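Encoded as structure tokens, the structure appears first; notes follow it.
No lab work stands behind these numbers, since they all come straight from the coordinates. Because the structure is predicted, anything quoted here is derived from the model rather than measured. We place every Cβ from the backbone using ideal geometry, glycine too, and count neighbours over all the protein chains shown.
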Amino acid sequence: MSDIDVNELSEQMKERIKGINSRIEAACKEAGRDSSEITLIGVSKVFPVEYAKAAVLAGLGDLGENRVQELVPKYETLSSEGLKPNWHLIGTLQKNKVKYIIGKTKLIHSVDSIELAYEIEKKSKAAGIVTDILLQTNVSGEETKHGFEPSELSSVISELNGCSSIRVCGLMTMAPIQQYDGQALEVFTETKRIFDELKSVTKDPNCWTVLSMGMSQDFEAAIKAGCTHIRIGTSIFGNRQYIDVH
């Protein structure tokens, strides 16, 4: 049995989420936006399932995981207790893991190759469902980051327009750790420009609605640039270095 007090943890998270929402509202006000345009995704990666449960009980409706092997058991545990947040796969997805998450995600943010998109299409078609995906793009140009080059995106979308069991809903990107003030905003602003340009390439522009960018350290800049989804881990769940992951 776990010695984690879920109710106590949930109360702590309520305060943290309240603080994040206040910052979202302030950033939206400054940008002339409505806070209802922003989806807050709590990134529960590495943390035990009790943390994910506590976040949902604290009112968080969307949870993100980096790894399939973490998402699936948390999905199953929470579902068995009647808790059904929207699950987002935000980390690198291997083709051989696609079959395990089909039908479990609200959105797969990290599609970084045509081959992966086709595998999701294949498994979704076999399951008789349509899976919503984002194309991950490496706008910052960092070698350590995954994603399509911005110059590739138009042709990739055109090719995927022929798919019937995936819906390409937008883009996801990550900013670099800032080397100078305003660097993240530059990356996010450029991503928004690319996002807007690509709307005309999609087969259904009404589905091209999601721009996932911004984390604990830079989400206000992402909101200013025009994001729709932010991915917050540390500011909700705490510091991962204190969690025993084994």
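When each of ALA126, ALA117 is tested for being surrounded by fewer than 20 Cβ atoms within 10 Å (Cβ to Cβ), among the hydrophobic types (A, V, I, L, M, F, W, C) and not in a loop (DSSP other than H, G, I, E, B), the lone residue that passes is ALA126. What about SER79, is it touching a Pro at 6+ places or on another chain (Cβ under 6 Å) and closer than 25 Å to GLY42 by Cβ? Taking the combined requirement at face value, the residue does not satisfy it.
How many of the residues making up the stretch 118-145 are touching a strand residue (DSSP E or B) at 6+ places or on another chain (Cβ under 6 Å), closer than 29 Å to LEU185 by Cβ and not β-branched (Val, Ile, Thr)? Of the residues in that region, 4 qualify. Whenever a residue of the stretch 121-135 is more than 15 Å from GLY162 (Cα to Cα), its partners that are part of a loop (DSSP other than H, G, I, E, B), lying with C-beta atoms within less than 8 angstrom and at least six residues away or across chains, give the pairs LYS123/ILE102; ALA127/ILE102; ALA127/GLY103; ILE129/ILE102; ILE129/GLY103; ILE129/SER165; LEU135/ASP112; LEU135/GLY147. A count restricted to the stretch 1-47 and to residues that are of a type in the set (Asp, Glu) and in contact with a Cys (Cβ under 8 Å, 6 or more places away or on another chain) stands at 2.
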